[in-house]
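To start, the structure under review is shown below, and the notes come after it.
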Amino acid sequence: MIPDRLPAVDPNAPVRFLISSGTESEPKWIAYSHNALAGGRGRFLQRIHPDGDSFRGLYLMPLGTAFGSTATFGILSWLGGTVSVLRQFDVGAAIRAIDKLQPTHIFGVPTMFQRIAADPDFSKTDTSGLIAIISGGAKMDEASIRRCTAAFKCGFISLYGSADGVNCHTTLEDSLTTVLHKTGRPNPDVCAIRIVDDRKQEVPQGGTGEITARGPITPLQYVNNPDLDALYRDENGWVYTGDLGYIDDDGYLVLTGRKKEIIIRGGVNISPAQIESLASSHPAVVSAVCVPVTDHDLGQRICLCLVMREGTERPSLVQFTRYLLARGLEKNKLPEYLRYLRQMPLGPAGKVDKKRLTAELDRVRFTGNPVA
């Protein structure tokens, strides 16, 4: 029976818990209000595709993730569009779904798009209905963006966001150069973004520091974890992401790294992002990830993990370091170890599980040669 009157709903009351594992794979439960889920995520999607009724979103990741929650609250509740999902991510199933369902937008993380674009069967797929693929969860390297843009034959939107309450993205109006190197202009209707130093003081425009965010997309709190609230949130509602970046002269956010992903080798801080980006530019590489390997002398060394296209040769460590040097990587950042994988270990949201990968590598006795 349909009630005569719907119950009153407080838009600021909690409506859903979302779990965030993040790059470090440390689960955190986060409470969201109606406003944060429908309003924050709805405005994000509305900026991408104002005509909500014609929005057909294919989600490659689970809807229970923070990224996936944009489907139910954003597309269905706010825009009135259509959502399609897979039972679980599988390259073949995703290709068939794209061909049959003709989505206007596909949501996924870099590893998913990289694998689809590298599959020979995808070249036969009808992508004429696609307007854009939206990649989030982790930064995609330049070479992979170019490959995906060519393979999917549509626009590419890079999303920087997290369950902790940050969102910034490029748009279809942005040039390819902008998409390759920037993360879009912050949208205050979704969340404001500022850059702060180690003392949590805002730095001048152009200065690099930690990215903080606050706005309609911001969650209420970490569930039953005041220590996390104290660590990542302040009394004014700003969320501290742990990511590093700056706002350029044109107002775009540019990511430069992540505090917790720094590899410390012999007292020198090395960001994996540059190495991963250059490694991914190799024509035979599908995806590349750098992780630390415990070392008694230097504290940590660098292992480069690669997934290659089927049927291609596997360069030796010496050959691959020559490739990296030729593309401008400084000698003191070269990886000492190289490991080939058939597939990267992934977390529930489809992102590379670096914590698990690091643990696996710590159990391997390295010889300096590629490990299959």
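The values are calculated or read from the model by the stated rules, or taken from the named source; none is laboratory data. Keep in mind that what you see is a predicted model, and the values were worked out from it rather than measured. We place every Cβ from the backbone using ideal geometry, glycine too, and count neighbours over all the protein chains shown.
Across the range 259-273, the qualifying residues are those that are within 16 Å of the chain's Cα centre (by Cα) and under 20 Å from Thr321 (Cβ atoms), and the one among them that is surrounded by the most Cβ atoms within 10 Å (Cβ to Cβ) is Pro272.
Give me the residue from the range 228-244 that is in contact with a strand residue (DSSP E or B) (Cβ under 8 Å, 6 or more places away or on another chain), without any contact (Cβ under 8 Å) to a residue 24 or more places away in the chain and closer than 15 Å to Gln201 by Cα and, out of that set, surrounded by the most Cβ atoms within 10 Å (Cβ to Cβ). That would be Arg233. Selection of the range 277-296 for residues being surrounded by 20 or more Cβ atoms within 10 Å (Cβ to Cβ), within 17 Å of the chain's Cα centre (by Cα) and either assigned to a helix (DSSP H, G or I) or outside the structural domain of Thr312 (by TED's automatic domain parsing) (or both) yields only Ser280. Checking Thr256, Thr321 one by one, the residue that is assigned to a strand (DSSP E or B), surrounded by fewer than 19 Cβ atoms within 10 Å (Cβ to Cβ) and not charged (D, E, K, R) is Thr256 and no other.
Of Gly137, Gly129, all but one fail to be touching a residue at least 24 places away in the same chain (Cβ under 8 Å), on the phi > 0 side of the Ramachandran plot, assigned by TED's automatic domain parsing to the domain that holds Arg47 and outside any helix (DSSP H, G or I); the exception is Gly137.
Among the residues making up the range 26-71, those that are out of contact with any Gly (no Cβ under 7 Å at 6 or more places or on another chain) and either at positive phi or part of a strand (DSSP E or B) (or both) are Lys28, Trp29, Ile30, Ala31, Tyr32, Ser33, Leu58.
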